[in-house]
Amino acid sequence: MHDIKWIRDNPDAFDAALKRRGVDVHLVSAATGEGLQELLDATVRTLDSAPMPVPLEGDVNPLGTRNSSLGTRNSVSPPRLPDERELDAQARAVRAPAAKRPKKPARSRRT
């Protein structure tokens, strides 16, 4: 739980605590829309950096390899279609290049 009054009184300390935990803070004004583009760019970068799931056979080869009348697999598979997720990943890299992040300082160990 967070104490909203304390956060309002100490916004810099709260932001620093979140950054130590690896949480990015984006300030947005609902009245003016200020900061919205930066938030959307950060959202796109976060979603684009998520690992790509392994495709299901039906996604890669929608024509299937089953003989529908017999319920058995055909010995000859239809040609594989291009993986649209790879094409989309290439387009995302152009559309929203990864932002350069400052390196985190090394933590000192207490003895």
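Taking the range 36-54 as the region of interest, how many residues are β-branched (Val, Ile, Thr), in contact (Cβ under 8 Å) with a residue 24 or more places away in the chain and under 16 Å from GLY22 (Cβ atoms)? I'd like the intermediate steps shown before the answer.
Step one: list which residues in the range 36-54 are β-branched (Val, Ile, Thr), which gives 43-44, 46, 54.
Keeping just the survivors that are in contact (Cβ under 8 Å) with a residue 24 or more places away in the chain gives 44.
From the residues that got through so far, the ones that are under 16 Å from GLY22 (Cβ atoms) too are none.
So the count comes out to 0.
Of the residues making up the range 6-45, those that are exposed (fewer than 11 other Cβ atoms within 10 Å of the Cβ) and of a type in the set (S, T, N, Q) number 3.
State yes or no: is ARG8 in a helix (DSSP H, G or I) and closer than 30 Å to ARG85 by Cα?
Numbers: in a helix (DSSP H, G or I): yes; closer than 30 Å to ARG85 by Cα: no.
Judged against the criteria, ARG8 is not a match.
For the range 21-43, give me each residue that is part of a loop (DSSP other than H, G, I, E, B) and β-branched (Val, Ile, Thr).
Of the range 21-43, the ones part of a loop (DSSP other than H, G, I, E, B) are 21-35.
Correct list: VAL23, VAL25, VAL28, THR32.
We did not get these values from a lab; they are worked out from the coordinates using the rules stated. All figures in this text were calculated on a predicted structure; none of them were measured in a lab. Quick reminder, even Gly has a Cβ in these numbers, built from the backbone with ideal geometry, and neighbours come from all protein chains shown.
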